[in-house]
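**Student:** Below is the structure I would like to discuss, written out as structure tokens.
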Amino acid sequence: MDEAELIGRLRLGEDQAYEELLERYLPQVYRLAHGITQDPMEAQDVTQEVFLSVFKKVGEFHGKSSLLTWIYRITVNASLDRVRSRQRRRESVPIEAYLPSFTPEGRHAQEIVDWSEAPLDRLLNREARKKIQEALEGLHEDLRVVLVMKDVEGFPLKEICDILELSLPAVKSRLHRARLVLRGALSSYFQEEAGSKGNEGSR
Amino acid sequence: MKDRGERPPGKSCRAIVEVLCDYIEGELPPEEERELDSHMADCPPCLSFLKTYRKTTEICRSLSPEEIPAELKERLKRFLERRQER
């Protein structure tokens, strides 16, 4: 069934429509919730919350955006609510430690090691993934949302703007900053691992 | 945005890093992209920075969970069944 029909049937409260909704959108909603919360259990709770919300509130959906955009928006908001309500902040390293630094002339102040061509199994090993996840968790949630949507889940920039109701420059600015932090965290890890005494990401 | 008239010839490394997001998204105007390419050819630190920046975004792709927990769909379907029982 097409989107208009699905919406119509959801409004009628049809269970078949609800099942269809789950079939179509469950994985995407879960992945997005997982990326933002960085917690599989919370992501499951958020996913349930989102589908209940959609089912209850479909009467309020006016079709200004697509159904999926609306669902993603609910998912982002529900995930952020969870993250913000956590009492424990997971930030372990100040973000500035991972940002690049420059001389007064604007040149790189630190050694920039190119680890990009290391073998894939080294780049994706458990420790590296742990490091990137820690950095992701330490990001402010506004930066994390954009990075997760673009680089983890592959949303186009325009769609991110629509879902988050942000301008393109705002989205790009957050994305760039988040990427710089994660790059810095990975550089710090790879340089430490290599036994190098490079300054990037040093405490 | 810096005033073009005051900018010294060629971007600084700091200015290059600032536009890296646009660069890898293919959103820089052609002349700016050429300027960046030219800077990269003469600046090994910036080239390394670009390559590691790009690789970071690729590594992020691997963070997406491969599988959806099997119990999740069941949990949501059970909710549906409970609704039907009412």
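The values are calculated or read from the model by the stated rules, or taken from the named source; none is laboratory data. Since this is a predicted model, take the numbers as computed values, not measurements. Glycine also receives a Cβ, built like all others from the backbone with ideal geometry; neighbour counts cover every protein chain displayed. These area figures cover heavy atoms from the full protein model, side chains too; ligands, DNA and RNA do not enter into them. Shrake-Rupley method; radii C 1.70, N 1.55, O 1.52, S 1.80 Å.
**Student:** Collect the residues in region A:119-161 that are within 11 Å of another protein chain (Cβ to nearest Cβ), in contact with a helix residue (DSSP H, G or I) (Cβ under 7 Å, 6 or more places away or on another chain), over 13 Å from B:E58 (Cα atoms) and not in a helix (DSSP H, G or I), keeping them in residue-number order.
**Tutor:** Across region A:119-161, there are no qualifying residues.
**Student:** Kindly provide the set of residues from region B:44-86 that are assigned to a loop (DSSP other than H, G, I, E, B), within 22 Å of A:R31 (Cβ to Cβ) and open to solvent by 80 Å² or more (accessible area, probe 1.4 Å), ordered by number.
**Tutor:** If the condition is that a residue be assigned to a loop (DSSP other than H, G, I, E, B), within 22 Å of A:R31 (Cβ to Cβ) and open to solvent by 80 Å² or more (accessible area, probe 1.4 Å), then B:E66, B:E67 are the ones that fit.
**Student:** Just to verify a result, which residue in region A:88-112, among those that are open to solvent by 60 Å² or more (accessible area, probe 1.4 Å) and either modelled with pLDDT under 75 or of a type in the set (S, T, N, Q) (or both), is nearest to A:G184 (Cα to Cα)?
**Tutor:** Among those that are open to solvent by 60 Å² or more (accessible area, probe 1.4 Å) and either modelled with pLDDT under 75 or of a type in the set (S, T, N, Q) (or both), it is A:P94.
**Student:** Please go through region A:39-65 and give me each residue that is farther than 14 Å from B:F79 by Cα and surrounded by fewer than 20 Cβ atoms within 10 Å (Cβ to Cβ), ordered by number.
**Tutor:** Correct list: A:D39, A:P40, A:M41, A:E42, A:K57, A:G59, A:E60, A:F61, A:H62, A:G63, A:K64, A:S65.
Per-residue answers, yes or no, for (1) surrounded by 16 or more Cβ atoms within 10 Å (Cβ to Cβ); (2) on the phi > 0 side of the Ramachandran plot; (3) not aliphatic (A, V, I, L, M):
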position: A:E117; (1), (2), (3): no, no, yes
position: A:L123; (1), (2), (3): yes, no, no
position: A:R126; (1), (2), (3): no, no, yes
position: A:Q133; (1), (2), (3): no, no, yes
position: A:H140; (1), (2), (3): no, no, yes
position: A:V145; (1), (2), (3): yes, no, no
position: A:K150; (1), (2), (3): yes, no, yes
position: A:F155; (1), (2), (3): yes, no, yes
position: A:E165; (1), (2), (3): no, yes, yes
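**Student:** Among (1) more than 10 Å from chain B (Cβ to nearest Cβ); (2) farther than 17 Å from A:Y72 by Cα; (3) within 25 Å of the chain's Cα centre (by Cα), there is one condition A:M41 misses while meeting the rest; what is its number?
**Tutor:** Evaluating A:M41 over (1) more than 10 Å from chain B (Cβ to nearest Cβ); (2) farther than 17 Å from A:Y72 by Cα; (3) within 25 Å of the chain's Cα centre (by Cα) leaves (1) as the failure.
**Student:** Residue check: is B:I68 more than 23 Å from A:R122 (Cα to Cα), in contact with a helix residue (DSSP H, G or I) (Cβ under 6 Å, 6 or more places away or on another chain) and modelled with pLDDT of 95 or more?
**Tutor:** no
Condition check ((1) closer than 29 Å to B:L47 by Cα; (2) not acidic (D, E)) across all residues:
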| residue | (1), (2) |
| --- | --- |
| A:E60 | no, no |
| A:L68 | no, yes |
| A:A78 | no, yes |
| A:Q110 | yes, yes |
| A:V146 | yes, yes |
| A:F155 | yes, yes |
| A:L164 | no, yes |
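**Student:** Please identify the pairs in which a residue from region A:53-70 that is within 21 Å of A:P156 (Cα to Cα) has its Cβ atom under 6 Å from the Cβ atom of a residue that is open to solvent by 30 Å² or more (accessible area, probe 1.4 Å) and modelled with pLDDT of 90 or more, counting only partners at least 6 apart or on another chain.
**Tutor:** A:T69/A:D162
**Student:** Within region B:36-43, identify whether any single residue is modelled with pLDDT under 85, surrounded by fewer than 12 Cβ atoms within 10 Å (Cβ to Cβ) and out of contact with any Leu (no Cβ under 7 Å at 6 or more places or on another chain), and answer yes or no.
**Tutor:** There is no residue in region B:36-43 that is modelled with pLDDT under 85, surrounded by fewer than 12 Cβ atoms within 10 Å (Cβ to Cβ) and out of contact with any Leu (no Cβ under 7 Å at 6 or more places or on another chain).
**Student:** Which residue pairs have Cβ atoms under 7 Å apart, sit 6 or more places apart or on different chains, and have a first residue in region A:1-22 that is free of Cβ contacts under 8 Å to residues at least 60 places away in the same chain and a second that is of a type in the set (D, E) and surrounded by fewer than 18 Cβ atoms within 10 Å (Cβ to Cβ)?
**Tutor:** Partner pairs satisfying both residue conditions: A:M1/A:E20.
**Student:** I'd like the full set of residues that are open to solvent by less than 50 Å² (accessible area, probe 1.4 Å) and either within 16 Å of B:E66 (Cα to Cα) or not in a helix (DSSP H, G or I) (or both), limited to region A:1-35.
**Tutor:** Result: A:G13, A:Y25, A:L26, A:P27, A:V29, A:Y30, A:L32, A:A33, A:H34, A:G35.
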